[in-house]
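First up is the structure itself, then whatever we jot down about it.
The values are calculated or read from the model by the stated rules, or taken from the named source; none is laboratory data. What you see is a predicted model; the values in this text were computed from it and never measured. Note that we place each Cβ from the backbone using ideal geometry, even for glycine, and neighbour counts take in every protein chain shown.
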Amino acid sequence: MIARAALIAAAALALQAPAVAADCDGRAALGWRGATLRVENDLFIGRDRDYTSGVALTAISRDLVAGAPPPCLPRPLARSLALLVHVEPALQALALADADADAVAARETSPVVANAVLRISQSMYTPRDRTRTDLVVDDRPYAGLLALSVAWNLRHAEPARARDRLDTYELTLGVIGPASLARQAQDAVHDLIGVDRFLGWDQQLGNEPALQLAVERRWRPRRGDAMQIEGWSTEAIRSAGLRMGNIQTSAAAGIEWRAGWNLPNDFGAYPLGPGAENRPPAPAPQHGAVRRLPGAQVFASAELRAVAWDFSLDGNLLRSSHSVTREPLVAQVAIGWGVHGPLAGRGWRLTAMRVWRSREFSGDRSHHSFGSIALGVEW
C-alpha cells in the first residue's frame, strides 16, 4: 500500500534526525514577519457536509538571505530543517550552522532566499445526513485532523528563463480521530450559530498519528525585485506538487490566473495547503522600510489531483475502519478576490474565494463546494 510505505519511510527519516543543540552560541533568534488566520467552511455557501470546516493559524518568518549568518532556530524548525536537507540540500547552504565548507561557499553565491512557516490547523469531514447515529456505510466517514506543520519556502530567481520559482517543503505531524477535537469544535460552532448538531460522531475514525511530507513547486513570470508590481497587471502562475503520508498521498498540477492593481510579488492565493500562505520570501533582500501600496486583485485557479490515499475517504491506515471507494482523480476550481494595503505602519491582506471540487468517492451524488477566507497582518 502506497500510503503505508510513505508513512514508514517518513518515520524512518525522522528517526535519523540529528539532535539539535539547545545552545545557539549567541546567535540572534529567528524573527517573525507576519501571521495569517484562514477559515474554510461550507456553511459560507449554505451547505454542511463532506469537507465541512478547516481552520489554520500560520506564522511566517523573516527571510533568510544567502550569505547571512544562520539564526538561532526554534526547535521545531531546526528539527524539520535537519530532516529536509535530505530532500533539498540548498536548505543546508542557507540555514544550518554546522554546514560544511561547500555549503558555506554556496551561501555566498546562491540566488536563493528562504523563509520558514509554522501552522497549526484543524479540519473535519462529515457525511450528508446529520441525523443518523448509526454507521452510514454508503457515505464518507466522520473524520477530524489536528496538525502542526513546519514548512520551508525557497525562492529562486531564474533571469535566463524570465521567471521566479518557489519551492516549498513541508512536514506535518498530527492526530486523526477523537483526539483531533473535531467533534467538540463543530458542536461548539453549531451551538453558537444555532445550527443542529451532527449526531453520528460516535462513528468517527479512530485515533491514529498523522504524518505527511509535501513538496510543491510554483512558477511565475519574473517582475523584478520590488515587493509589489505597480499599476495594472495580469499573470499566470503554474504549480505542481506531491504529498506522501497517511493524511494524503497524491500528485497535483494546477494553474492560477490573476489580474489587479499593485499586485503583490508573490505566488498567488489558494485554499489550505503547504507552505507559503501568500507570503513567500521576498524577490531579493529588502533593505530599510518596505513600501506598501494599497491594491486589489481577482483570480481564478484550476487543479487536477491524482490521489492514492486520503484519510477522510480511505479511513485509518493502522487499524480497520469505515471507508469508501475513493475516486483516483479529483478536479478543483476556485474564483476569488483579494485586497491589501498599509494600516498603522503594518501591512494587511484579506482574501476570499469559493472553491468547487469534483466527486471524491463512488456514490458521491454531486460535487462539493466551500468558501475560504484569509486575513493576514505583516509587520
Problem - Where L43 falls short, out of the listed (1) at pLDDT 80 or above; (2) crowded, with 16+ Cβ neighbours inside 10 Å; (3) of a type outside the set (K, R); (4) assigned to a helix (DSSP H, G or I) - result: (2)
Completion exercise
With the first residue restricted to region 312-326 and required to be among the acidic types (D, E), and the second required to be part of a loop (DSSP other than H, G, I, E, B), Cβ contacts under 6 Å at 6 or more apart or on different chains are D314/S323
Practice task
Output yes when any residue across region 6-24 is β-branched (V, I, T), at pLDDT below 80 and in contact with a Ser or Thr (Cβ under 9 Å, 6 or more places away or on another chain), and no when none is.
Solution key: no
Handout entry: Residue in region 151-168 that is over 19 Å from N115 (Cα atoms) and assigned to a strand (DSSP E or B) present
Key = yes
Handout entry: Residues satisfying the stated conditions in region 312-359, i.e. charged (D, E, K, R), surrounded by fewer than 19 Cβ atoms within 10 Å (Cβ to Cβ) and under 23 Å from A296 (Cα atoms)
Key = R346, R354
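One line per residue, one yes/no per condition, for (1) at pLDDT below 95; (2) under 27 Å from R128 (Cβ atoms):
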{"site": "P274", "(1), (2)": "yes, no"}
{"site": "P281", "(1), (2)": "yes, no"}
{"site": "P294", "(1), (2)": "no, no"}
{"site": "F299", "(1), (2)": "no, no"}
{"site": "F311", "(1), (2)": "no, yes"}
{"site": "D314", "(1), (2)": "no, yes"}
{"site": "L317", "(1), (2)": "no, yes"}
{"site": "V339", "(1), (2)": "no, no"}
Completion exercise
When restricted to A151, A143, the only residue crowded, with 22+ Cβ neighbours inside 10 Å, touching a helix residue (DSSP H, G or I) at 6+ places or on another chain (Cβ under 7 Å) and of a type in the set (G, A, S) is A143
Practice task
Please tell me if S369 is closer than 30 Å to G174 by Cα and out of contact with any strand residue (DSSP E or B) (no Cβ under 8 Å at 6 or more places or on another chain).
Solution key: no
Problem - Test for R75: is it on the phi < 0 side of the Ramachandran plot, modelled with pLDDT of 60 or more and among the charged types (D, E, K, R) - result: yes
Fill in the blank from the handout: Scanning region 301-344 for residues that are over 21 Å from E360 (Cα atoms) and assigned to a strand (DSSP E or B) gives G336, W337, G338, V339, H340, G341, P342, L343
